[in-house]
Amino acid sequence: MLQTVTKTISHNSLLLINMKRLILLFSFACLVVTNVNGQQKLSLDAIDAASFKAGPAPFDKNCVSVILAERQLKHANSPKDVVLDGEWQLVEGGDDNQRIHGDWENSIKAIVPGSVHSALWKAGIIPDPYFGRNDSIAEKYSYKTWWYKKEFTINNQLNVPNLIFDGIANKCSIWLNGLKLGNHEGMFGGPSFNVSKILKGRNVLVVKIEPIPQVYEKTRRADNRTWTSTVVFNCVYGWHYSKIPSLGIWRTVKIQNQADVAIENHFIATKKLDGLMNLSVALKSVSAKIDGKLMVSIIPDNFKGKEHAFEYVISSSKIIDTLNFAFTIKDPQLWWPNDMGKQNLYRLRVSFVPKSGISADFKETTFGIRTIQMAPLPGGPYPDKYNWTYVINGKPHFVKGNGWCTMDPLMDFSRARYDRFLSLAKLQHIQMMRAWGCGMPETDDFYDLCDRYGIMIMQEWPTAWNSHETQPFEVLQETIELNTLRIRNHPSLVMYGGGNESWNPFGKAIDMMGRKSIELDGTRPFHRGEPWGGSNHNYSCWWKSAHLDYNLNMTSSFWGEFGIAAFPVKESVLRYLPESEKLKWPPDTTQSLVHHTPIFGTAMEMERLNQYSGYLMPNDNLDQLITGSQLAQVVAVRHTLERARTRWPECSGALYYKMNDNYPAVSWSCVDWYGATKPLHYFIQDTFSPVASVVLFEHTDMYGQQVLLPVFLLDDNLDLKNSAWKVNIRVFDQKLNKVGGIEFSGKGNEKTVSRLGELSLSTEQTKTSPLLIVSEVHSNSKMLFRTFYYMNFEKQKGSLFNLPQTTLTMTTTGNKATIKNTGKYPAVAVNLQCPGSADKFTASDNYFWLDVGESTVVEVNMIKGLSSDAWNLSGNEQINAH
């Protein structure tokens, strides 16, 4: 197939022209390179793009050049929509005639947006679905028919009313005033209906939601495979620690009051970093003529600046599909990913005022000025690899990130819940998240927060494991079209993807996705799938029971997924365990502890937890198993990420799995479902620090071995370019005596990655369990970075908690806590906690090292109940704030 495509491109001038257009369209760096023999080297991006046979992209059409002037425009308001959110009625079962004609005797209240299960829980019909094994109770209600009803009045005459559903899970039928409007399938947008001839003063809207079918995977009864025959987020169907298939009207419902000339699908994109922008505006007229004035304003959204605007008069005797404009924003303030600069956002306001007619239309969105180009890996481009090097606003950059999981089977997608996780991601120095294909096209709140926190998104469409071959094509296509148009203005959106872990990402559906990415956007790359074309996923640690050493040595051009599972924090575990199980040890297979594991205890999860926790802890009780699993997770993830960073530019980025969960359970996340941070969150905060000094290891156990450990200085933004700096590595034994170390120094820095040398340790220096290594970067008499490593833990299980003890004090002022080591030994893994509020508590740093007599200041978001602890705190007693 590859040879055929290459030959066609070489001999078909038309395809060559299209290829050049696509290269310009995507603004990719080096899609096609000519070598010394005059032969073209093609990247997989170029080969894929040509194979999709796409039509014109939005900005391929001629652009009208306009000039922005410093002025303020008064935009007219659009006709007011009738929003139908809020309280509805919900009832189970019954035939069409019964429900449409008013038999709702046993109905309960349901909130829209929301889910069937959340309404049942609130009404006391089902118990807490997150507690114990109650998910098995809640699951049964996914296999029933449900009816929603909303009664509403229309007080004013509407111009061209359209009934619009933004999301129903999943198959539904809809009636308005007894008249059936139609059926719909697919939960990510639609349906919509013109209801101008049906609306009355008093109205009754009825929605019937079909039950989720049940077809189970042969070897795992928990895995309901019916998601492969529709379009939903599938991580709640029983294979991924949640088995409550979602049902409900989960997004807004409204009667849209269309203007005489409606603005549709406005799209703004950066052409050049000097502020040259493209704007596309589609206009839809009730009549055949568009006659009036288009008004456009550009206003700083989150920074100070002046409004600039233009007006454009349109007089046409025919319907105009789309208008394209080109203009320059003066003194452009760029949008940068997290840690690279500010997340400057502008607000675009667009209105159309008809020359005659009763209503104007108004739309607005936020956007950022930024370019994301994709350049080849060293030695490329390659016909079997995508261009994986992210060039952000002209700067090639190693991308630091993780995976993002759809948050909740009961579809609580509140902005506050999103903000909890995404604000933590920002603190963790996350620059990219992969919204993976087992989840969903993410919500407007999610994207707005990512815009503001500087988190780039690789948005995959809801397909996985070749499900694109069986999912209904029309439903998939509607999903891609509606959601591409919805999210494409967000600067955080940087890539589209065909789905998760399909080993055959080809065919009609994948080609459609690639084609739509060009025809509806054209400014972002599309990847057939993940992993594909040079990226990798690896779970030898966990599913293949490999030793933690395996992850210490893994390499890839780009990491799309890897990691191991660990328990939530203890406070969260106790939230879902019945009282009768909290003290029972060891647990049996019927217990909730086992049920809240990746595949409900059916895939040797407890054995794997005991294996990985057992490297560090004796596992004599629940506390030890939780702690050991969490510390093993740190080892399995941080070292892979650090090796990846040191391999730049051969490795262009790494996304570990993952940020969050869809259900409270043992999982791969760094923040558990409730919002409590595992140790991994804070260790990755060190690992992803823009300035860092890292030590590479090949083995966790070096006991009695002579070793040479490479030491690297990482400086993503060249913060040390004009400064003197020092990297100090110190080694401590089990008695917390310093037994070795090395120091490197320099003045100025021109590299983002510098190998400084090796830390040499003799057989006597490594003959200790544990072995602790502290790594620091100093500049201008300030410590810019510190982390510590714990190794040689297998020789003596629990040795990390048998160190010489020290003492701490803690005082607070405002939102700052000052912690001081007042003992005779270094304080290891000092951590701040707020018992009872772990799901809300945030600290700017945690699990850190404090030398004897040293103090540090940590910002926290709550003081009441604050305490501090350490692995070697005297008496193992927490220190309370005072």
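The values are calculated or read from the model by the stated rules, or taken from the named source; none is laboratory data. Please read all numbers here as calculations on a predicted model, not as lab measurements. For neighbour counting, all protein chains shown are included, and Cβ atoms are generated from backbone atoms with ideal geometry for every residue, glycine included. Keep in mind that these areas ignore ligands, DNA and RNA; they rest on the heavy atoms of the full protein, side chains included. Shrake-Rupley method; radii C 1.70, N 1.55, O 1.52, S 1.80 Å.
Here are a few things to note about the model shown:
- Tallying residues that are surrounded by fewer than 24 Cβ atoms within 10 Å (Cβ to Cβ) and either part of a strand (DSSP E or B) or β-branched (V, I, T) (or both) within segment 635-652 yields 1.
- Subset of segment 452-484 that is open to solvent by 10 Å² or more (accessible area, probe 1.4 Å) and within 19 Å of the chain's Cα centre (by Cα) - its residue that is nearest to K400 (Cα to Cα): Y453
- Some residue of segment 60-79 being among the small types (G, A, S), at pLDDT below 95 and either at negative phi or assigned to a helix (DSSP H, G or I) (or both): yes
- Elements of type strands (runs of 3 or more DSSP E) in segment 736-818, at least 2 residues being over 24 Å from V634 (Cα atoms): 738-747, 753-761, 771-779, 808-813
- The residues listed here are A654, A676; of these, the one that is more than 25 Å from W559 (Cα to Cα) and within 20 Å of the chain's Cα centre (by Cα) is A676.
- Residue that is farthest from L449 (Cα to Cα) [pool: residues in segment 282-298 that are among the aliphatic types (A, V, I, L, M) and either out of contact with any Asp or Glu (no Cβ under 8 Å at 6 or more places or on another chain) or surrounded by fewer than 18 Cβ atoms within 10 Å (Cβ to Cβ) (or both)]: A288
- The criterion of being open to solvent by less than 30 Å² (accessible area, probe 1.4 Å) and touching a residue at least 60 places away in the same chain (Cβ under 8 Å) does not hold for V860.
- The single condition from (1) more than 31 Å from the chain's Cα centre (by Cα); (2) open to solvent by less than 10 Å² (accessible area, probe 1.4 Å) that W585 fails is (2).
- I111 under 26 Å from D444 (Cβ atoms) and aliphatic (A, V, I, L, M): yes
- Within segment 440-462, residues that are over 18 Å from W335 (Cβ atoms) reach partners that are outside any helix (DSSP H, G or I) and of a type in the set (S, T, N, Q) with beta carbons closer than 6 Å, at six or more positions or on different chains, in the pairs M440/T406.
Condition check ((1) assigned to a helix (DSSP H, G or I); (2) surrounded by 13 or more Cβ atoms within 10 Å (Cβ to Cβ); (3) not β-branched (V, I, T)) across all residues:
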| residue | (1), (2), (3) |
| --- | --- |
| G124 | no, no, yes |
| D128 | no, yes, yes |
| F131 | no, yes, yes |
| S136 | yes, yes, yes |
| S142 | yes, yes, yes |
| K149 | no, yes, yes |
| F152 | no, yes, yes |
| Q157 | no, no, yes |
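- Residue within segment 837-848 that is under 20 Å from L772 (Cβ atoms) and of a type in the set (G, A, S) present: no
- Contact map, segment 536-552: first residue closer than 17 Å to I599 by Cα, second residue of a type in the set (K, R), Cβ cut-off under 9 Å, separation 6 or more or different chains; pairs are W542/R608; W543/R608; S545/R608.
- The set of residues in segment 304-329 being assigned to a loop (DSSP other than H, G, I, E, B) and either at pLDDT below 95 or open to solvent by less than 50 Å² (accessible area, probe 1.4 Å) (or both) consists of E307, S317, K318, I319, I320, D321, I329.
- Within segment 604-618, restricting attention to residues that are touching a residue at least 40 places away in the same chain (Cβ under 8 Å) and surrounded by fewer than 23 Cβ atoms within 10 Å (Cβ to Cβ), the residue that is farthest from G132 (Cα to Cα) is Y615.
- If only residues of segment 780-809 that are surrounded by fewer than 19 Cβ atoms within 10 Å (Cβ to Cβ) and under 37 Å from the mean Cα position of the chain (by Cα) are counted, the one that is modelled with the lowest pLDDT is N780.
- The strands (runs of 3 or more DSSP E) located wholly in segment 330-410 that include 3 or more residues which are open to solvent by less than 30 Å² (accessible area, probe 1.4 Å) and touching a residue at least 40 places away in the same chain (Cβ under 8 Å) occupy 346-354, 361-367, 372-375, 389-392, 399-404.
- All of E501, E530 fail the test of being open to solvent by less than 10 Å² (accessible area, probe 1.4 Å) and either under 24 Å from the mean Cα position of the chain (by Cα) or of a type in the set (S, T, Y) (or both), apart from E530.
- Residue that is nearest to W388 (Cα to Cα), among those in segment 558-569 that are part of a loop (DSSP other than H, G, I, E, B) and touching a Cys at 6+ places or on another chain (Cβ under 9 Å): G563
- In segment 50-59, the qualifying residues are those that are farther than 21 Å from F325 by Cβ and part of a helix (DSSP H, G or I), and the one that is most open to solvent (accessible area, probe 1.4 Å) is S51.
- Meets criteria (modelled with pLDDT under 95 and over 30 Å from the mean Cα position of the chain (by Cα)) for N156: yes
- Selection from segment 192-232 of residues that are surrounded by fewer than 17 Cβ atoms within 10 Å (Cβ to Cβ) and under 27 Å from the mean Cα position of the chain (by Cα): T226, S229
- Number of residues in segment 536-557 that are surrounded by fewer than 24 Cβ atoms within 10 Å (Cβ to Cβ) and not in a loop (DSSP other than H, G, I, E, B) equals 6.
- Selection within segment 565-582 - farther than 18 Å from G601 by Cα and either open to solvent by less than 10 Å² (accessible area, probe 1.4 Å) or in contact (Cβ under 8 Å) with a residue 12 or more places away in the chain (or both): V569, K570, E571, S572, R575
- Any chance S669 is over 18 Å from N402 (Cβ atoms) and buried (at least 24 other Cβ atoms within 10 Å of the Cβ): no
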